1. From other protein chains only, count the Cβ atoms within 10 Å of every residue's Cβ in A:7-14, then give the mean.
2. Before rounding to the nearest 500, sum -39500 (n - 2.57) across all DSSP H runs of length at least 4 in chain A and divide by the residue total; then give [θ] at 222 nm in deg cm²/dmol.
3. Under 5 Å between amide hydrogens, which residues at least 5 positions from residue A:197 or on another chain qualify, with H placed 1.01 Å from N in the peptide plane?
4. Where does each of A:111, A:215 land when they are ranked from fewest to most other beta-carbon atoms within 10 angstrom?
5. Arrange the following residues from fewest to most other Cβ atoms within 10 Å of their Cβ: A:489, A:133, A:320, B:311.
6. Based on the Cβ-Cβ distance from residue B:209 to residue B:58, what FRET efficiency comes out when R0 is 56 Å, to the nearest 0.05?
7. How about the range A:447-530: which GluC sites (Glu not before Pro) there are in a DSSP loop, with at most 16 other Cβ atoms within 10 Å of their Cβ?
8. Each residue of the range B:393-401 in order: what ³J(HN,Hα) in whole Hz does its phi give by Karplus 6.51 cos²θ - 1.76 cosθ + 1.60, θ = phi - 60°, with x for Gly and Pro?
Amino acid sequence: MTAIDPLHLFGSLVGSAAWPALRLVLHLAFFIAACVVLWRAWAWLRLTELRPAVGADGWLSWPLLVLTAAFLAVLGYQASWQLTGLFRPQFVAFMQSHDRREFNPAHRILRGRILDRHGRILAQSRELEGRVWRVYPFGPAFAHTVGYSDPRFGAIGAEAAANAQLNGATPQTLASWGELGRQLLTKTKQPRGQDLTLTLDSELQLLALQRLGERLGTVVLLRPKDGAVLVLANSPAFDPNRLGPELFRGPSPGTPLLNRATQGLYPPGSVFKVVMAAQAIEAGFSGTLNCPAEGFTTSRRYPPIRDHDYYSAQKAGRAWSGFGNLDLTTAFAESSNVFFAQLGVRYGRDAFARTGERFAFDRQVRLYPGTDRYGNLSTGRLPRLAPTDLYGLAQASIGQGRVLASPMHLATIAAAVANGGLAMRPRLLVQEPAASLGQYMTVQTAARLAGMMRKVVTQGTGRGINDAGLAIAGKTGTAESLRGAPHSWFIGFAPAGDPMLAVVVLVEHGGFGSSVAAPIARDLLVKALELRVGP
Amino acid sequence: MSAACADTGFAATWFRRRAERELLLACLGCMALGFVLILGAEVTQGRQLGALDLLPLALYGLALAGVHLLLVVAGFRGDQVLTATVAFLSGFGLLAQYRMGDFHNDPGALTLGLVPAGFFVMTACALAFADGRYRVLARGLWFWAGLSLVLVAALLVTGQRFRGAVYALGFTTPTEVLKVTIPLALAAYLERQGPALARWHPRLPLPPWRALWLLLTLFAVLIGLLALQRDLGMMLILGLAFLVVLVSGTGRSGYLVWGLLAGTGLGALMLTFFEHGQRRIEAWLDPFQDPTDEGWQILQGLSGMYAGGLWGEGFGIGSPEYTPIAAADFIYSVIGEELGFLGCVVLVLFFLILLSREIALAGPGRCAFGRLLAAGLTTVLAVQTLLNIGGATKSIPLTGTTLPFISHGGASLLTAFAAVGLLLAISDGAPARPAKPSRATRGRAVGGPPADLKPRKVRGKAVPREAAAPSEA
């Protein structure tokens, strides 16, 4: 055969550099040809009538209208997947993890960055060898708040809560709608998501983590006025850059997956006296209660509840005569267990339950938009006491027994005292409006309680951190735990006159709150106010 | 007899069928473009082309030419757009199946000859039953009904289960034939019993049970057998065809109300008994519940469509192999992946043109049997198409029906072609004899709109409508 083989010619044409362009032309030509057939068929459809003649409305009858509507409905629904599937976060997540089509744009979405309030990058997407990877520059430091987005393990935290926005699926401005349209029309689609700004302050967060060191615990710093969370530091944490199945396999030492601040429930110990003091002030308590050294109990069968001073005196081999008659302010400053146990029993379990409800205990509070349970704040747990269980009530009144609270919730309590009794919902996304969580107490109660908390630092158990040039108000806590040394607590706010920040520090099994947690809180508050973290 | 007319000579018919010619040529051109696209994609994937690779397109072209020439030579007066639409759809299907690798490994005569055979079946049906001869089929009422029941029962006894459905030897589905035989039986029955079935209770909305019971019993047996096969798609298709034919045969829309009520009840009953159906409903409502198992197929199909976007990746460039059973039930999502949303819109528009033509055939101006048969066949096609497309796009639960003319499957394809052949025959109208005198005026129409259809109004006036069905048969 001397003639040129057309198939061979075709083969070399396909192999040539012109083929990609030619292919696009052919693709377009195919569409045009199909449309020409469609147009001609339509034209002939109207020119030719069926025999015998049907009525003038023969081809536009109601069965055809019904069918057309049905097909249009199917096409419209199809478009909601095919064209605007980006708006279906679960669908995008499925494609990112399960679709092996390399040209699927879901694989090349450059997810938006996650930034702290100063614009420092907490998470970003990098393209490497045609694949897109999620990089977390700070490693475990922001793991619980930022979360992770991983093809194998899904997404949690802010990565999950703002998935659609990070994938670029929430066009808000006209320009971003235009960008979506461009991605739909062109074949060079590399969707770029939108950035997400968190309320966190990376510098303060790193300081908190550094001060916690190797100890297990958590630090939360938030603005009382709008609930913006500046620090949410948990120790230990996991590294979202290096996720592996072993992380998710059952309980591991230190439970790095646990977001201690929002999901960890601890006995609050003396810190809970803030709540009981508020209850007493609102009930109009005045006068004194006798607080003897031998403590207080509701029945001979139960060991008496005593003050810390008794035990430290006993340890030192000294005798201690007890506080005697104490008023509320002094008892609060000295953190007298005997006083508050009596106080709780005096007002009874119904008042206790009402107070707990008012302080938003036993609730799940949404921290992010969406319904991710992992992202919720568990406020705490109060016991349902039997009417006869007075000893249980006495225990609960000093934050022991079956009372549990999460550190973030205690931060909102401190913030409420600083904010005229109004607690704001903690929020992590800058774009979310501030929302109230509830009026924990009246403005007058809050003012009086704020003064009492200031006195804790100037004269009471928190004297140790009163050296700074900063007026801190707060409450220490040393909560007995079932195993090991007691948990060390500090909650507070500063400056006492015009509160701008509220803080909570928990060091698990850390010992005395005044000597372990309080200094961390002080360092953080000083640094934060140095950095002028205004709204 | 029609050959006796002056305007039914070869030249006149050749001119009259120019619409069909033009459309068929345009179809061929379009498919050739698509074919080049697919071949190009395969060459880039490293396949060596041989002369045999051009065979499917060549056979398609030959089949179109054959259909056209046969119809012209026979002086066929029936519809032209119908043939062209079917040519486009089946060409599209040929491309899709070629793209899915149907012809690669063993391009046997069976696969290659399937579409040409379909065209042959269509032409044969059209010509055999043209000129009003289709009314002979009404006489075979009990044959069609018996054949349908025997086929379903035999398949149930001898068939083997696979993926929840029942198949006969060689994975064929002989029940596809029911999509033609059941409308035939229904139309024949309604033509005879229509008036009796239209006499409802004078006051209460109750149908005439005495006239209805036989039809209902037979149909209940059929539906029951299909339920045992778990062929939900076929049950829906035939059930709706039953209702549509019943309503258009009696003019009583009350049948639709009763039928839909009974259908809903039956559906609810089946769902409680068949776990299979429940799982499908769940996978439809929330495929993300179990994305790697029950939801896998539909989500892979949708992923492909999402990847295709508006224009598609190009014929032959996509990766439909990631969607299980893509060639049969999910061919629509393959088209969505490779030709994009616009490709799907074009396909749906062609189906709508086909359906509009078929609906017009079921309109007034024809003998009762023709109208009812057209109504039945149209319902089958419409419901089947909607079930397939709706399933692949997650608009409705999956029912495992094929997409007519496009999906993989010989029985389905041949049945669809046969149905269109019957519709073509119906479109040919009644015997031309009574209208002969008026035909002399036809010469005028040359140059105007196609002459075969234009003077119909004249005929319509000359001959009363019902007289178009004389008792010649």
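Since every read-out is calculated from the coordinates, none of them should be taken as a lab result. This structure is a prediction, so every number in the text was calculated from the model and none was measured. When we count neighbours, we look across all protein chains shown, and the Cβ atoms used for this are built from the backbone with ideal geometry, even at glycine.
1. Per-residue shielding by partner chains comes out at 4.
2. -12000 deg cm²/dmol
3. When sequence neighbours closer than 5 places are left aside, the close amide H contacts are A:115, A:430, A:431.
4. Ranking A:111, A:215 by Cβ neighbours within 10 Å, fewest first, gives A:215, A:111.
5. Working: A:489 35, A:133 12, A:320 15, B:311 20.
Lowest count first: A:133, A:320, B:311, A:489.
6. Rounded to the nearest 0.05, the efficiency is 0.45.
7. Passing both the DSSP loop test and the Cβ count: A:480.
8. My calculation for the range B:393-401 gives 9, 6, 6, 9, x, 5, 10, x, 9 Hz in order.
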